[in-house]
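J.: Please see the structure below; I have some questions.
We did not get these values from a lab; they are worked out from the coordinates using the rules stated. Just so it is clear, the structure is predicted and the values come from calculations on it, not from any experiment. Methodologically, a virtual Cβ is constructed for each residue, glycine included, from the backbone with ideal geometry; neighbour enumeration extends over all protein chains shown.
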Amino acid sequence: MLRRCFVRKVNVICLALLILLLAATAALSGEFWGSIKSDVYHYPDCRYAKKIDPRYLLKFASPEQARDKGYRPCKVCRPPYESDGAEDGRSSRGSSS
Ligand SMILES: [Zn+2]
């Protein structure tokens with residue numbers, strides 16, 4: 001009985017860690033989601049992003065990329081307008097304006 005309870009707890013913790021990891025990965029990769037049916041881009045964990053039909057899902061590597069295609073930031077999850085200020089030193093700075 002006790003053991004079962006413990007296992008369940010561990011499962012919950014693992015799940016939480018996994019979700020955190022996924023969220024962190026998404027944040028680090030600077031990924032944003034949009035739908036071809038709308039002109040808004042979201043953080044992948046936004047409740048509206050989750051409603052996007054996979055058939056219409058578009059992924060952007062950066063806010064600039066999304067804006068380039070005429071998308072604007074969601075007012076609910078408020079993704080950045082620019083990737084500047086976001087701490088992703090991974091993306092190269094070779095901006096070709
Ligand atoms: Zn959103």
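J.: Write down the radius of gyration of the stretch 31-84 and its Dmax, each obtained from C-alpha positions, in Å.
T.: Looking at the stretch 31-84, its Cα Rg and Dmax stand at 9.6, 30 Å.
J.: Ok, one more. Can you tell me the FRET efficiency between LYS51 and LEU22 if r is taken as the Cβ-Cβ distance and R0 is 22 Å, rounded to the nearest 0.05?
T.: On the way: r = 18 Å, r/R0 = 0.81.
Efficiency, rounded to the nearest 0.05: 0.80.
J.: Based on the mean of other Cβ atoms within 10 Å per residue, sort peptides 40-47, 5-12 so the most packed one is first. Mind dumping the intermediate values first?
T.: Working: 40-47: 19.5, 5-12: 9.9.
Taking the mean over residues of other Cβ atoms within 10 Å, the ranking is 40-47, 5-12.
J.: Mind listing the long-range amide H neighbours of SER35? Cut-off is under 5 Å, sequence gap 5 or more, other chains count too, H placed in the peptide plane at 1.01 Å from N.
T.: Placed amide hydrogens put VAL40, LEU58 under 5 Å from SER35.
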